[in-house]
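Chemist: Take a look at this one; I'll ask things after.
The values are calculated or read from the model by the stated rules, or taken from the named source; none is laboratory data. Computed from a prediction, not measured in an experiment: that's the story for all the values here. Note: accessible area is taken over every heavy atom of the protein model, side chains too, but ligands, DNA and RNA are not part of it. Shrake-Rupley method; radii C 1.70, N 1.55, O 1.52, S 1.80 Å.
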Amino acid sequence: MTRRIERAMALLRRGDMNVTEVCFEVGCSSLGTFSTRFTELVGVPPSVYRERAAAATAGMPPCVAQRVTRPVRNREAPVAVAP
């Protein structure tokens, strides 16, 4: 599933597909399960990631962007605490 999420992150960074299309493109059959697992690994829902990723990786070569944005393996993403 981590590989699917990595691929989904790359597709979402491109910005030409919506979350549902990405979900099915990476081989998931349930949008709900995909979104839940994506959020657990990345720390934000796929729709939020898509909005933020374009600006965060602008001008960065794809190979570097993939390395920098790789999800945490076998652990959940740290939970952000609101001030």
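Chemist: What accessible area per residue comes out for segment 12-62, rounded to a whole number of Å², with a 1.4 Å probe? Write out the running numbers ahead of the final one.
Modeler: Numbers: 2860 Å² over 51 residues.
Each residue of segment 12-62 exposes 56 Å² on average to a 1.4 Å probe.
Chemist: By how many nm would the segment from ARG52 to THR2 grow when fully extended, if each residue of separation counts as 0.36 nm and the alpha-carbon distance is taken off?
Modeler: Computed gain between ARG52 and THR2 is 16.0 nm.
Chemist: Length gain on complete extension for the stretch LEU31 to CYS63, per 0.36 nm per residue less the alpha carbon to alpha carbon distance?
Modeler: On the way: separation 32, 0.36 × 32 = 11.52 nm, distance 2.70 nm.
Answer, rounded to one decimal: 8.8 nm.
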